[in-house]
Each structure stands twice: as structure tokens, then as C-alpha cells.
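The values are calculated or read from the model by the stated rules, or taken from the named source; none is laboratory data. These numbers come from a predicted model, not from an experiment. Reconstructed Cβ throughout: ideal geometry from the backbone, glycine too, with neighbour counts over all protein chains shown.
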Amino acid sequence: MRFFNSTQKNMSFSDVVASIKYFIRTNPDNNFRIAVGTDSQVKGRYTCFATGIHIHMVGKGAWCCISKRLENKRYRNLKEKITKETLLTYEIVDMLNEQLMDSLCDFGVKYKNFDCKLEAHIDIGKNGDTRKFIREMVGYFEGIGIDAKIKPDSFVASSYANRYSKTVKVG
């Protein structure tokens with residue numbers, strides 16, 4: 001799994017974690033929100049999944065990156081597609097939670113105003129056909145103590161990842 005943004009290309013997951021830690025270290029006495037979300041687009045025989053990671057120093061800027069995965073499968077079933085997006089988000093949230101926990105605890109001990117929340121952004125909402133999946137998809141994250149956001153609050157999935165899921169380059 002490789003990540004990129006407008007200034008960095010071909011980042012490993014370890015590079016992403018190091019960039020998040022560096023971003024926090026630049027001004028650690030603040031509130032941070034780390035959000036992960038996935039969107040997908042079906043194009044011909046393929047489905048392009050884009051997963052975004054966004055860290056926001058509340059009121060003071062952000063750093064983000066994206067990972068794209070192209071599957072040689074046309075997801076026709078909405079529940080199957082939404083479940084796949086949610087599971088890709090879950091995978092990254094779980095990895096971030098595991099790899100950042102010790103560092104975030106250290107920041108919390110050293111800096112009295114430091115606060116960091118990890119969120120999952122799911123591309124579903126109360127309007128439209130996806131509303132029937134809210135309880136199930138949100139439940140994945142509630143089970144591990146992660147706050148899950150849905151539209152209109154799930155901007156990493158519904159806006160950032162959405163932008164990158166639309167561009168598909170097939171071999």
C-alpha cells in the first residue's frame with residue numbers, strides 16, 4: 001500500500017506515520033483530529049478505491065495523503081461496495097491506532113493542551129439508499145472505540161477521497 005499527496009509520492013505506511021508524528025511535533029500543544037475515509041467509483045470492469053488520511057491541527061492547518069487501489073471487479077451491489085469502503089477505512093484506522101498510540105500518549109503527558117481524536121469517515125448518510133447501512137457500518141468502529149462520522153460530517157470520504165477515486169488509470 002503506497003500513499004501520496006501534492007508534495008510527496010510513493011510513501012509507505014511507515015512514512016505516513018512518521019509524517020503525522022512530525023506534523024504534531026511542530027506544534028504539539030494543540031488539538032488534533034486524525035480522520036480516515038474511503039470512497040470508490042466503478043469504471044467499466046474496474047472499481048477504484050481511494051482512502052484518505054487527514055490530520056487537522058484544529059484552526060491551524062492540516063496534512064493529508066491518499067492511497068488508491070484498483071480492483072478488477074465491478075461492484076454492482078451497493079451494500080457490498082459500501083462494506084468494502086468501510087473495511088478499507090477500518091484497516092487503516094486500526095493500523096494508525098496501533099502505530100500512533102504510544103506517541104500520542106507521550107504527547108498527552110508532555111503537553112497540557114494536547115488532544116488528538118481518531119475518526120473514521122464513512123461515505124453514507126441519512127439521505128439516499130445508504131441510510132439503511134448506517135447502524136452496521138458505524139458499528140464496526142464503535143466496537144473498537146473509534147468515533148465514526150457520516151455525511152455531512154464525513155468529509156475525508158465524501159470529499160477528499162471522492163476526488164481521487166474518480167481518476168482511474170487502467171494498465
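If you scan the stretch 72-110, which residues turn out to be in a helix (DSSP H, G or I), of a type in the set (Ser, Thr, Tyr) and touching a strand residue (DSSP E or B) at 6+ places or on another chain (Cβ under 8 Å)?
86, 89, 90
Can you name the condition, by its number, that residue 48 falls short on among (1) crowded, with 21+ Cβ neighbours inside 10 Å; (2) among the hydrophobic types (A, V, I, L, M, F, W, C); (3) touching a Ser or Thr at 6+ places or on another chain (Cβ under 6 Å)?
For residue 48, the exception is condition (1).
Exactly one of (1) over 22 Å from residue 69 (Cα atoms); (2) touching a residue at least 12 places away in the same chain (Cβ under 8 Å) is unmet by residue 108. Its number?
Condition (2) is where residue 108 drops out.
Can you tell me which residues in the stretch 1-56 are aliphatic (A, V, I, L, M), at pLDDT 95 or above and under 16 Å from the mean Cα position of the chain (by Cα)?
Within the stretch 1-56, 11, 16, 17, 20, 34, 35, 36, 50, 53, 55 meet the criteria.
Hey, can you tell me all the residues within the stretch 122-171 that are touching a Gly at 6+ places or on another chain (Cβ under 9 Å), among the aliphatic types (A, V, I, L, M) and in a loop (DSSP other than H, G, I, E, B)?
168, 170
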